[in-house]
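> Take this structure first; my questions come after.
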Ligand SMILES: Nc1ncnc2c1ncn2[C@@H]1O[C@H](COP(=O)(O)OP(=O)(O)OP(=O)(O)O)[C@@H](O)[C@H]1O
Ligand SMILES: [Mg+2]
């Protein structure tokens, strides 16, 4: 693939095996070769069990591979200690998960500032958390707890949290898996905006129409990259969102007229 920007992610022959007991061995990754460049927006697809989440965990330094090589932003991750791995993860990567992973007792601000709890002064932390929530359109929900927010809003809190350390790369594992189509479009619009601003976004999804909002689709099968292709026409979530809102508004406007015409009431 023709790319002039540096590769942020370079995986070479990466394998990962899970052993559960003596006889139960799962080869989750069986030799993954993959380059992802700065500013890309990549969908990872593939059947259940094909190794997508395992791959994301390795890319995000939540886990290390057994064999092979992983270079993240020029650094050979396989040679790092656990502390160094945590440091590189905090610096480079923001995570978003299907189930949001928010703490139920904390409000939106407190959830977002969690990654900063051990760093910086309290006032600065608060301001950054509020700024991150405003950036995802939740400036008016900062004191709400997760149970007081819709699924889409909870996911936006999770994105604000992922953005707090200003990582160059966002990793999202099925971020729209639990959302309706309107909320999904909102989340995709945020990822597209972040990507336009230069962030690298890698997103696992099972849904082809969600993947079409990315620039490239990598398909996993049995722990390897089976296919890797560019999206011919990237869909625009912001446009789709505007159309959905307009369609909903016109539906509401048409209701009394439609009722009168049919002689109802
Ligand atoms: N912690 C673990 N311990 C043991 N086996 C695991 C572990 N995590 C994943 N596996 C196994 O590794 C394989 C790949 O799992 P992975 O979670 O990466 O798949 P996936 O592509 O993300 O699937 P899905 O679409 O269902 O989320 C599966 O067979 C799974 O059972
Ligand atoms: Mg998974």
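The numbers here are math on the coordinates, done by the rules we state, and not lab data. Note that this is a predicted model, so its numbers are computed, not measured. Reconstructed Cβ throughout: ideal geometry from the backbone, glycine too, with neighbour counts over all protein chains shown.
> Run the simple label-point estimate for residue 63 and residue 30 please: 7 Å along Cα→C-beta, distance reported in nm.
About 1.7 nm, to one decimal.
> Here is a further query. Sort 78-86, 198-206 for me by packing, meaning the mean count of neighbouring Cβ atoms within 10 Å per residue, highest on top.
198-206, 78-86
> Percent antiparallel among DSSP beta bridges with both residues in the stretch 112-248, to the nearest 5? Provide the component values of the computation, followed by the final result.
Working: 6 of 11 bridges.
Expressed as a percentage, antiparallel bridges in the stretch 112-248 total about 55.
> With an 8 Å Cα cut-off and a minimum separation of 6 or more residues, compute the relative contact order for the stretch 93-224 in percent.
Working: 183 pairs, mean separation 39.7, N = 132.
The normalised contact order for the stretch 93-224 reaches 30 percent.
> Do you know the relative contact order of the stretch 1-85, to the nearest whole percent, from alpha carbon pairs under 8 angstrom that are 6+ apart?
With pairs under 8 Å counted, the relative contact order is 35 percent.
> May I pose another question? Please report the relative contact order for the chain, taking Cα pairs under 8 Å with a sequence separation of at least 6, and give it as a percent rounded to a whole number.
Relative contact order for the chain comes out at 24 percent.
> Would you mind getting me the FRET efficiency between residue 250 and residue 180? Use the beta-carbon distance for r and R0 = 22 Å, nearest 0.05.
0.70
> Now for a different question. If you count, for each residue, the other Cβ atoms within 10 Å and average over each peptide, how do 7-15, 239-247 line up from highest to lowest?
Averaged packing, sorted descending, gives the order 7-15, 239-247.
> Could you tell me the distance between the Cα centroids of the stretch 1-72 and the stretch 207-254, to the nearest Å?
Using only Cα atoms to place each centre, the spacing works out to 23 Å.
> Compute the length gained on full extension between residue 12 and residue 140: take 0.36 nm times their separation in residues and subtract their Cα-Cα distance, giving the result in nm to one decimal.
Extending this stretch completely gives an extra 41.6 nm.
> Take every DSSP beta bridge whose two residues both sit in the chain, then give the antiparallel share in percent to the nearest 5.
Among the beta bridges of the chain, antiparallel pairing accounts for roughly 55 percent.
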